[in-house]
Amino acid sequence: MSGTYLGLPSFPRAAAESTRDTQLRANLTHATHTIRDKRAVAIGELADWPQLRAAGAQVKDRTLRHLDHYLLQLEAAVTEAGGTVHWAADAEEANRIVARLVHATGESEVVKVKSMATQETGLNEALAAEGIAAYETDLAELIVQLGDDRPSHILVPAIHKNRTEIRDIFRTRMADWGRPAPEGLSDSPAELAEAARLHLREKFLRAKVGVSGANFMVAETGTMVVVESEGNGRMCLTLPETLISVVGIEKIVPTWRDLEIYLQTLPRSSTAERMNPYTSMWTGTSDGDGPKVFHLVLLDNGRTDTLADTVGRQALRCIRCSACLNVCPVYERAGGHAYGSPYPGPIGAILTPQLRGTDNELNASLPYASSLCGACYTVCPVAIDIPEVLVHLRERVVQGGPVTLRGTRTTIKPARGHAAERAAMRVGSWTLDHPAAWHTAQRLALRTRRLHPERAPGRTARAWTDSRELPALPEQSFRDWWRQRRKTRENGGDQ
Amino acid sequence: MTDTSGSRAEILRRIRQALTDVPAEETPGDVPVARDYLRVHAPRSPRERTDLLAAHLTDYRAHVHRTEEAGLPGTVARLLAEHGTRRAVVPAGLPGAWLAEVSGVEVVSGGGGLTAGELDAVDSVITGCALAVAETGTIVLDAGPDQGQRRITLIPDHHICVVRAPEQVVDSVPQALPRLDPARPLTWISGPSATSDIELDRVEGVHGPRTLDVVIVTAQSSA
Ligand code: SF4
């Protein structure tokens with residue numbers, strides 16, 4: 001994936017670092033708790049939440065089991081509507097395609113809507129190397145970009161920065177990128193937003209090329225959907241003459257009607273709103289309205305490898321709502337950067353090692369970046385059993401076994417000396433040393449349990465614990481298991 | 001343009017290889033999707049539906065105004081005056097009657113394709129809508145004659161949107177989609193532009209219109 005993330009320390013080391021940052025932790029705690037409390041209220045309004053959740057999972061499963069069929073259908077529909085479809089097997093190819101398309105327009109700058117796919121491919125860096133400036137236009141992404149930083153949350157990427165830090169970034173860096181911050185800029189959110197409005201409007205009005213991702217692509221109609229709040233998405237999607245959308249192949253839904261599920265579950269689950277302020281939908285190009293040229297770049301970059309794993313495949317259902325981050329006690333303490341990928345939190349812990357493989361220390365340590373408390377599964381609007389996949393991936397790391405890497409079936413060796421597992425125990429030790437965070441997560445899981453029937457740890461969980469010669473006790477909490485395990489180790493048991 | 005046919009074949013090959021657990025005879029329709037979720041979350045009279053729309057729009061800081069048909073031109077004129085609008089843009093197909101009482105405002109037609117820069121010098125935009133969704137507090141624009149291009153409702157700072165009740169108001173998202181044409185560019189708007197990126201404090205109007213006035217027009221007899 002992105003070069004930005006290469007050379008980062010493994011999760012436990014990065015997490016140990018960020019847990020010492022008290023400002024970061026305070027910001028994160030405030031943010032995640034606020035969002036999740038509001039979310040529970042928004043979801044409580046829908047009596048059919050469990051049915052919507054189940055249908056959301058089923059539609060994605062239908063799509064994934066017949067992904068070739070739907071991609072071809074989508075390609076035909078987009079082409080029919082005046083768009084051009086490109087296929088990118090990996091990040092480099094996607095970046096190459098985008099750079100070539102931008103060069104073809106004769107432009108040397110693009111405006112961007114927040115897109116995880118292009119963060120994943122490191123598009124901005126790749127474009128910069130080609131002499132093309134890519135301007136992030138989402139307020140949080142702007143903060144991150146101006147601050148030479150990386151996003152720490154899927155939904156609120158600058159969640160780790162408070163208003164004073166943001167003001168300082170704007171004051172010192174805005175001038176380097178265009179219109180400087182207004183004189184005497186204070187740290188009031190309204191003034192900061194106004195500064196961003198002025199700074200970015202200049203760019204929107206002159207932009208000839210826009211780059212976006214998409215939340216959904218409808219196979220039957222070729223329609224693209226972008227869900228956002230600020231209007232920067234609308235600016236990028238409608239003002240430039242050329243629009244290039246880079247979208248993971250798993251973002252597809254079969255029918256127009258299927259949007260009725262996700263347009264209900266995504267906003268409520270992510271920002272706890274009944275509906276996000278803006279949703280844009282477009283199908284190819286329209287006469288006299290919006291871009292004259294539309295390119296869709298379909299991105300694989302490890303998704304087909306993930307698809308090949310029948311347990312891990314469910315990670316591709318993810319609609320990036322970020323609810324799992326906000327309930328995760330490990331994320332709350334570690335922060336998004338520790339995951340070393342654009343996908344932090346519980347979903348990152350299962351998605352990143354599958355997209356990138358587990359052959360380096362960082363990726364191999366990610367399946368351990370969890371306490372297996374199950375809160376992530378409970379909140380997930382497409383019912384991804386994240387704990388099941390975590391345990392499955394742990395098994396893969398410590399035991400090795402058959403995997404698909406870049407489309408080729410292969411067998412990986414067990415991690416040497418179970419280094420990842422030992423690293424994980426260090427992660428566990430700090431999570432479990434903070435009982436408050438732990439109990440909050442468990443209480444939350446209990447509170448919502450009647451809406452979402454809880455599953456006992458799955459077949460794989462037991463398989464893993466069995467294979468590690470640990471007691472297979474599904475009813476036992478991880479906390480108890482950990483205590484017991486620590487005692488065993490202190491008494492000179494295993495390892 | 002870009003020749004990615006090699007990758008196209010490769011990605012399709014990878015997908016098919018990845019899905020060897022899927023029986024060859026299985027079709028997409030064989031994977032069950034239970035649509036036992038609700039089409040609507042409560043039974044509502046037309047009036048209750050309109051009230052809910054108004055309440056939810058207000059929740060997300062749109063300004064909601066109610067009027068009967070005869071009061072619409074006066075309401076539009078008043079809202080423009082209150083905003084201090086000097087110049088307004090309207091789509092080519094906006095009913096002329098809506099503007100009958102507007103005075104002292106230069107009204108430009110958005111049908112001719114104003115540039116983004118020209119739109120930036122406009123204070124307000126007045127449009128109709130394709131429909132509105134009560135349960136989510138959403139208005140949907142589909143670039144119809146009384147709505148115009150997407151950019152005209154985006155760049156000006158003030159958007160006045162007229163919704164006809166009860167005929168343009170649906171209860172829910174599942175009721176909205178079948179009434180919309182995916183081939184048209186669609187914009188769903190739920191309150192004004194907003195961000196919560198700075199310490200989760202909600203701030204209105206980062207890029208889109210900072211003020212959204214929704215005028216719900218009911219026929220004389222109903223509501
Ligand atoms: S895994 Fe589920 S909860 Fe987490 S971001 Fe994806 S959809 Fe949301």
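The residue list A:A315, A:A272, A:A338 contains one member that is more than 11 Å from every other protein chain (Cβ to nearest Cβ), in contact with a helix residue (DSSP H, G or I) (Cβ under 8 Å, 6 or more places away or on another chain) and either away from the ligand (no atom under 16 Å from the Cβ) or not in a helix (DSSP H, G or I) (or both), which is A:A338. Kindly check whether there is at least one residue in the range A:325-332 that is surrounded by fewer than 24 Cβ atoms within 10 Å (Cβ to Cβ), among the polar types (S, T, N, Q), within 14 Å of another protein chain (Cβ to nearest Cβ) and within 16 Å of the ligand (Cβ to nearest atom). No, there is no match, as no residue in the range A:325-332 is surrounded by fewer than 24 Cβ atoms within 10 Å (Cβ to Cβ), among the polar types (S, T, N, Q), within 14 Å of another protein chain (Cβ to nearest Cβ) and within 16 Å of the ligand (Cβ to nearest atom). Checked against (1) within 16 Å of the ligand (Cβ to nearest atom); (2) touching a residue at least 40 places away in the same chain (Cβ under 8 Å); (3) buried (at least 24 other Cβ atoms within 10 Å of the Cβ), A:L263 passes all but condition (2). Against the conditions (1) in contact with a strand residue (DSSP E or B) (Cβ under 9 Å, 6 or more places away or on another chain); (2) farther than 26 Å from A:V78 by Cβ, where does B:I198 fall short? Just the number, please. Only one criterion in (1) in contact with a strand residue (DSSP E or B) (Cβ under 9 Å, 6 or more places away or on another chain); (2) farther than 26 Å from A:V78 by Cβ is unmet by B:I198, namely (1). Checking the range A:167-186 against the condition returns no match, with no residue being buried (at least 17 other Cβ atoms within 10 Å of the Cβ), within 13 Å of chain B (Cβ to nearest Cβ) and within 20 Å of A:V227 (Cβ to Cβ). If the requirement is being more than 10 Å from B:L131 (Cβ to Cβ), part of a loop (DSSP other than H, G, I, E, B) and within 12 Å of chain A (Cβ to nearest Cβ), which of these qualifies: B:P145, B:P178, B:P182? Result of the check over B:P145, B:P178, B:P182: B:P182.
Scanning the range B:47-92 for residues that are under 21 Å from B:G144 (Cβ atoms) and loosely packed, with under 14 Cβ neighbours inside 10 Å yields B:E69, B:A92. Taking (1) more than 24 Å from A:T118 (Cβ to Cβ); (2) among the charged types (D, E, K, R); (3) touching a residue at least 60 places away in the same chain (Cβ under 8 Å) in turn, A:R396 satisfies each apart from (3). Of all the listed residues (B:D201, B:D181, B:D213, B:D197), the sole one being within 15 Å of the chain's Cα centre (by Cα) and either hydrophobic (A, V, I, L, M, F, W, C) or within 30 Å of A:E202 (Cβ to Cβ) (or both) is B:D213. If you check A:T242, A:T283, which single one turns out to be within 11 Å of chain B (Cβ to nearest Cβ) and touching a Pro at 6+ places or on another chain (Cβ under 8 Å)? Matching residue, one of A:T242, A:T283: A:T283. Residues in the range A:61-115 that are under 21 Å from the mean Cα position of the chain (by Cα) and part of a loop (DSSP other than H, G, I, E, B) were compared, and the one that is nearest to A:L200 (Cα to Cα) is A:V113. Within the range B:97-120, the set of residues being of a type in the set (S, T, N, Q) and either surrounded by 18 or more Cβ atoms within 10 Å (Cβ to Cβ) or touching a helix residue (DSSP H, G or I) at 6+ places or on another chain (Cβ under 9 Å) (or both) comprises B:S103, B:T115.
Is at least one residue of the range A:342-354 over 20 Å from A:L24 (Cβ atoms), buried (at least 24 other Cβ atoms within 10 Å of the Cβ), within 14 Å of chain B (Cβ to nearest Cβ) and within 14 Å of the ligand (Cβ to nearest atom)? Scanning the range A:342-354 turns up at least one residue that is over 20 Å from A:L24 (Cβ atoms), buried (at least 24 other Cβ atoms within 10 Å of the Cβ), within 14 Å of chain B (Cβ to nearest Cβ) and within 14 Å of the ligand (Cβ to nearest atom). If you filter the range A:46-62 down to residues that are within 8 Å of chain B (Cβ to nearest Cβ) and in contact with a helix residue (DSSP H, G or I) (Cβ under 8 Å, 6 or more places away or on another chain), you find that the one that is farthest from A:T121 (Cα to Cα) is A:L46.
Which of the residues belonging to the range B:158-175 are within 10 Å of another protein chain (Cβ to nearest Cβ) and touching a strand residue (DSSP E or B) at 6+ places or on another chain (Cβ under 7 Å)? Passing the criteria: B:S172, B:V173.
Filter the range B:18-57 down to the residues that are outside any loop (DSSP other than H, G, I, E, B) and within 7 Å of another protein chain (Cβ to nearest Cβ), then identify the one that is farthest from B:P178 (Cα to Cα). Among those that are outside any loop (DSSP other than H, G, I, E, B) and within 7 Å of another protein chain (Cβ to nearest Cβ), it is B:A18. Filtering the range A:374-392 to residues that are among the hydrophobic types (A, V, I, L, M, F, W, C), within 14 Å of the ligand (Cβ to nearest atom) and more than 14 Å from chain B (Cβ to nearest Cβ) leaves A:A375, A:C376, A:V379, A:C380, A:I384, A:I386, A:V389, A:L390. What do you reckon, is B:L177 farther than 25 Å from A:R197 by Cβ and without any contact (Cβ under 8 Å) to a residue 12 or more places away in the chain? In short, yes.
When the range A:250-260 is filtered for residues that are away from the ligand (no atom under 16 Å from the Cβ) and either within 24 Å of A:T378 (Cβ to Cβ) or free of Cβ contacts under 8 Å to residues at least 40 places away in the same chain (or both), the ones remaining, listed by number, are A:T255, A:W256, A:R257, A:E260. In the range A:289-310, the count of residues that are away from chain B (no Cβ under 14 Å) and more than 16 Å from the ligand (Cβ to nearest atom) is zero.
None of the figures in this text is laboratory data; all of them are computed from the coordinates on show. On a predicted model such as this, the values are computed, not experimentally measured, just so you know. Every residue, glycine as well, gets a Cβ built from its backbone with ideal geometry; the counts of neighbours run over all protein chains shown.
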